[in-house]
Every structure is written in structure tokens, then in C-alpha cells.
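To keep things clear, I will list the structure first and then write my remarks on it.
The values are calculated or read from the model by the stated rules, or taken from the named source; none is laboratory data. Since this is a predicted model, take the numbers as computed values, not measurements. Here the Cβ positions follow ideal geometry from the backbone for every residue, glycine too, while neighbour counts run over all protein chains shown.
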Amino acid sequence: MLVLVALLFSLPLASDLQAQETGVLMGRVIDSEGAPIASASIRVGGSVALSDQDGYYRVSALPAGVHRVVAERLGYERTVASVSLAPRATARLDLVMQTETVELEGVVVDAIHEANRERARFETDAGVTARVIGGEELKALPGLGEADVMRAVEVLPGVVSTSDFSSAFNVRGGSADQNLILLDGFPIFNPFHLGGLFSVFNSDAIARAELLAGGFGAAYGGRVSSVLSVETRSAGVEGLEVEGGISMLATRVQLRSRLPDRAAQGLGVKSGGWIVSGRRSYFDQILKPVVDFPYFLTDFQGSGHLELAGGGTINLVTYGGADVLDLSDFDLPGDDSTAVLRVRWNWGNRLVGVRWRQPLSHGWSSDAGIGYSRFADQLGFVDFEGAEFISRVAQVSASLGLSRPFAGGGAIQLGASAERLAYDNLAQAGGTPFYAASDHGILGAAYAALSLQPGDRWMVESGVRLDVWNATGDNYVVLSPRFAVKRFLDADREAAVKLAMGRYSQFLHSLRDESLPVSNDTWIVAGRGAPVLISDQIQAGVEKYWGDDWSASLEAYYRDFDGVVEFNLADDPNVPYDDVLAGSGRSAGVDLLVRKNSGSLTGWATISYLRAERTLPDPMAEGWEDVPPEVTFPPVFDRRIDVDLVLRYLAPHGLELGARWNYGSPLPYTRPVAQYYAWRYSPLRRQYEPLDQPGDGPPLFVRLGDRNAERYPPYHRLDLTVRRTFERRWGSWTPYLQILNAYNRRNVLWYYFNYDESPPTRSGLSMFPILPAVGVEMSF
């Protein structure tokens, strides 16, 4: 640790000595709409730098004088500018690049920038596994009535979805709650509508989604499996731009605009912009004359940014969404009036955050943020007074990061953060709680990371993260070292092998049963009732690019999980801190990705192999001295083979075709093996008799087989989409047709068994049948 800290401060000092006789050029690369351009190549003499994901670049150790600056990026016109640099000075030069179209066999298309972002990660990060889906790719992927970023993530390598009815996903053997989901850098809990059926993100407002499936650096904490970063679109052009759409699910509208120059001057900033997006389902409104439809959803998503005169930026992000399922006034006539369980169920998210990024002296830059995120879920039963289920979780966070790149490649990162996590869960009937739990915790974290490029073909990253957690008087200190190395196999940096390893920690758990197709998360924090989750991971792989057209990667990984939890079915309401069971887990696998990045036909194919297992106490089994034995089993997301083929074709006459085919090997389930009556011994009659029970006969109990020892049939499905954009003087409109499960595969959701018949029978419920959907998008 001391050696790392010494390196962190000695290396920038050496760079400062070199910079005394030279200068620094820094700035930002944007397009004509003001959106940042990542991975642009900035050439100044013999020095070359790449812009980061926010468009910022920095070139150090430049001699004083006038320099010619050349910016290049696939999909944009070459931009040339000049700048005068004084000794020991820092000059700023912002570059605006114009979009360049590429003609391919009679089809005019824009270059796919997201593939270049992956390429930039490949050339600048040693160990992270990053996959990017852009806004245009997102809309070409078939979704449930409309494009959905969470459904789109399922097509990436190493990602498993267990049901058509849930957008929750599992990455490389981790549980769904082990994924950190960020909206413009701020965490959002349970980002799903209708119990997981589709996500809360409006596709019109999304620029891209980036999944870090493993090997992420010390700057990331809070989850152990993956990081999904969803980014909002830029503010757009001068004037007001209106976009909207109508799908089978909802109606949506979006407004965005750059700040007029006069407004920016009034605020004392260089420029700015904003974007707001809203969505609401409409079945409850259009069916109101006929029937009171019991469900509706709402979404509001907003973002704004200000470009400061000193080169910094301030970004504001906000989200608010709600689901309401109201059956409180629903009655059937006559004797069927009690046949409906009348409930009122509402849940939703709230998020607000502010980030301030600012370049500092001597090549340093800062990134500060403060945010609030909350999820609340409340279920009440009208006909059962005092019966309700409540679950809430909230997080307040503040962070500060400092970074500085080196002239020859590599960078330093330093940072710290503070978070307060709190939850409140209640389940009661008749006013009597049978499950009540609430707690809060304070998390303080600090990290340091150093990346170096010793030579043209080597990249090395080392870092350490320190997390200090306090909840209900219990203190936990977790030190998480991380290391990665990459070796390029050619001078053009088109092929490389890499190795990454590290420790990751998590102080928040969800008790949601992932075998249920529709459900919300119930969150708890680590403390006396639940352990801290620690995961040690290692991965190795090889990656290859063939120019800008093709790329491929092959990665193998192993993960160990200590502190996984699930709800304790044998929970005793009179015993505190026995609400959950804690155990361990392991996963190992291999992911293959082949991607075509340019041309009229683009897409990718993935093949993933996974073996996952969990070891937990079995409270339903008899143990020695009341200690339940442990059971090892595959979790419900243990899909051994997962294959995805995703294609996007820009056909003649402006047609855009999309297809996704998925094959998944059988998922595990626990099979009931028998039903039996409960018996008791009668001393009076000196014999065993069935237990008395009001109603029809003695109670029946189910005997379960070994946990998750059986497997469902294989899963496979084909989804198709067709889009066509029509340009008009007032704007454009795009009708589309989607067909989910195009060949009507009857994939099994679950089995149920009837042992009253002889021989016993097995029946099953299917997932989605063939499901066509139409919609339209408009832009003004």
C-alpha cells in the first residue's frame, strides 16, 4: 500500500519536472450538436492523444510555439486547427467535428460510434470487459412493444435472463442484485415497470448503454457482478426539438434544446442545454368508457448541462417513475364478487443528482457529484384490514475524484465517497407484523489507481479500494486490491491478451426470489442480520480487431462469492436476525463474441458457457443439535450454454431490419416428488390418524426433491423488427413492426404437478406466445 501511494505521487512529480520547459494543450471534442465525441484521435506533431468518453483530451510535454492540431474520428470529417502555446503554460482548444456519411453499396449510413468506444476501451484500459449498445442499435433490437435498454443487455456475452416476463439479468454467475445500474453516473434501484416486465428508461432519451462485465477498476464499488451505465442523449441543436412515439405499451414525448446564447450569457456560462422525456401508459384512459382498467405507469426523465467559462461542466440528472395497480374498486356481480383479490399496489423510483467536472492546474481534473436515489413499494389488501406489505430503500451519496493522464500514456486516479443506505421493510396482517426490519448504514470509501504503459505493447493497471461500513454498531473494513495487465501482439494495437484480478465488495442485498417471473426487489443492508458480500475474481482473454470492420474476443473467468443471502423460509418472528440465510457461491465460464461493426449489415454473435453453484443452509432439513445442514445446488440462472445472434440490416428503400435469435440450455428447478397427509398419534385409540383440518379432509403436504436437481427443456426464440423512416418538411416519422417469438416456440415458464391423479400428471405454463406489436416514432 505504501509503495503504491509513493508511486502515485512520485510519478506526477517527475512529469512536472519535464513540464517546466514545455506546455500542455487540453480541450474538448464535440459534434455540431454539442455532443461529446469519444475516441477522437488528436495529433499534435509527433504526440497523439485520444478523447475520453466525455470528449476531453490532453496532450502534454509540447514545446512552446505554434502547433498544428489535427482531429480524426471514423464517421466525422477531418478537423484541423492551430494553437499558440507558451512555455510552462496550459492552452485550451475545443474542436467541433462535422458528421461524415459513408456510402456502402447504395446505402448511406452513419458510422457506428459505439463500436469505436469499445475500441477506445481496448486501447486505453488494461483489464475491463466493456460492451456498448448505442441508441440506434437499441431501437433495432426487438423489445416488448418498444425498444428497451434492459432487454437489449440480455444479448451481450455472459448475460443470462431467466424469463420472458422479467428484464432482470444475471452476469457471469452473479445474482441480479449484484449489478450496479447507473443513470448518468447515479445509482437507480429496481429500474423496472410491472414487476420486471420492462425497464424504466425511455429509449428516445438514451444515447448508449455500456456494460462492464468484469475487470472494472478501483473507482467502482457497491456491487460485485457488473456495472451497467446508461447515458442520456445530448441537448441537441439550437431551437426546440420534439420527439415522441406511440407503442403497444405507452405514449411518450421528449423535448430537447440548447440554451440560446443570450440565456447562457445571463447565467454566466459558455453554453448549455437540456432534455426532458415523459412516458405514460394509456390503456386506463382509452378504455375508461368501457371498463376501469386497473393499471398505469408514468416516467419522467430529465437532464441538463452547463459549459463553464473555465472549461468545466455541470450536469443535472433527474428521474421519477411510478406504477399503480388498483383493484380496490373492482367487483364481479353476484356470487363472484369475492372471486377477485382486491389490492392496491404502487411502486416507483426517485432520482436526482448533480455532477461537476472541472479541469485543474498541472493537468489534473476533478469530478464531484452528489445524489439521492429511492425506491418504494407498497401493497395493500382492501378486504383484509391492516394487511399490507411495504418495502423502501434510499441512498444519499457524495463523491470526489481526481485524475491526471501521463504524456506517454497511462493516468492516476484518486477518489473518495460517502454514502448513507437505509431500508424499511414491513409485512403485517390484521395490524400484527409478522416481518418487520429496518436499518441504515454509512459507507466511506477511498481509492487510488495507477495505469502505466511501459513501452508500446504493454499496459499495466494497479489499484486499491478501501471500504469502511458501519450499520447498527457493527463495523466492517474491506480492502480490495485490483490488478490488470495487457500485452498487445502487434504494433498497430489490433490484437492483445489480457489478465485481470481483484476483490469486490457489496453492502446491500435483495431478498427477491429470482425464480418468480414478476416481483420487485426487497432490499436490506449488511449488518447483524446479513453479511457483507465479498467476491474474488480473475479473468483472462484475447481480443482482436480487423480494422474498423470486425472484432472478436474470447474470455475465461472464475468468481468466488462469500456472503450470498436468501430469505429464510423457517424464520421465527420471535427471534431477531434470522430473517436471511447466508452462504457462498462460485461461478466459472467462457464468453466468445464476434462482432461486425460497419457496413449495411452489422451485428454480433455470442456463445457463453457458465457453471454456477450456491451453498446455503437448508433450514427445512434436520441437522445435528439444531444446526441445519448445508446444501449445494445450481441457482436458477445456471444456464450452461447461451447463444445470441443479433443482426441489423439497412436495406434498400430506407428499410431497417433487425433480428435476434437466442438459444439457452435448460435452467434448473426443484421438482415436487410426492404429496402426503399429515398424521398424528392418538393414545386413546393407540393408532396414527390424519390431522384434523376444517374443510375438506386432512391437510396435504408436498415432498420436494433435491434442490434445483431437475432441468426445464431448452429455450429458444426468434424476434424480428422492421422500421422505416419517412422524412417530411416538418420532421420525420418512423412506423415499426415487431414480432416477438416469431415461430411461436412454447418455452416453459414453470411446471406444476398433480399427485391426486393416478398416475400423477405434469402440466406447464408457457412464456410469451407469438406476439406482434406496432408503433410509431415522430420527430419535429
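Is it the case that some residue within segment 332-348 is under 30 Å from residue 469 (Cα atoms), at pLDDT below 95 and either of a type outside the set (Ser, Thr, Tyr) or assigned to a loop (DSSP other than H, G, I, E, B) (or both)?
Yes: one or more hits.
The combined condition, being surrounded by fewer than 17 Cβ atoms within 10 Å (Cβ to Cβ), in contact with a Pro (Cβ under 6 Å, 6 or more places away or on another chain) and more than 19 Å from residue 477 (Cα to Cα), is not fulfilled by residue 384. Take the conditions (1) without any contact (Cβ under 8 Å) to a residue 60 or more places away in the chain; (2) crowded, with 16+ Cβ neighbours inside 10 Å; (3) more than 21 Å from the chain's Cα centre (by Cα); residue 579 misses just one of them, which is (1). Within the option set 297, 249, being closer than 22 Å to residue 144 by Cα, within 25 Å of the chain's Cα centre (by Cα) and in a loop (DSSP other than H, G, I, E, B) holds for one residue only, 249.
When segment 697-715 is filtered for residues that are loosely packed, with under 15 Cβ neighbours inside 10 Å and under 29 Å from the mean Cα position of the chain (by Cα), only 713 remains. Taking segment 634-691 and the strands (runs of 3 or more DSSP E) fully enclosed by it, the elements with 2 or more residues that are of a type in the set (Phe, Trp, Tyr) and at pLDDT 90 or above are at 655-664. Of the residues making up segment 590-607, those that are surrounded by fewer than 21 Cβ atoms within 10 Å (Cβ to Cβ) and not in a strand (DSSP E or B) are 598, 599, 600.
Checked against the criterion of being surrounded by fewer than 16 Cβ atoms within 10 Å (Cβ to Cβ), touching a Leu at 6+ places or on another chain (Cβ under 7 Å) and at pLDDT 90 or above, segment 743-752 has at least one qualifying residue. Taking segment 279-310, which residues are exposed (fewer than 15 other Cβ atoms within 10 Å of the Cβ) and of a type in the set (S, T, N, Q)? Answer for segment 279-310, where residues must be exposed (fewer than 15 other Cβ atoms within 10 Å of the Cβ) and of a type in the set (S, T, N, Q): just 285. Kindly indicate whether residue 424 is part of a loop (DSSP other than H, G, I, E, B), in contact (Cβ under 8 Å) with a residue 24 or more places away in the chain and either closer than 30 Å to residue 568 by Cβ or acidic (Asp, Glu) (or both). So residue 424 does not fit the description; no.
Regarding segment 376-391, can at least one residue be identified that is touching a residue at least 24 places away in the same chain (Cβ under 8 Å) and within 25 Å of residue 128 (Cβ to Cβ)? No. In this structure, is residue 259 buried (at least 22 other Cβ atoms within 10 Å of the Cβ) and within 30 Å of residue 157 (Cβ to Cβ)? No, not satisfied.
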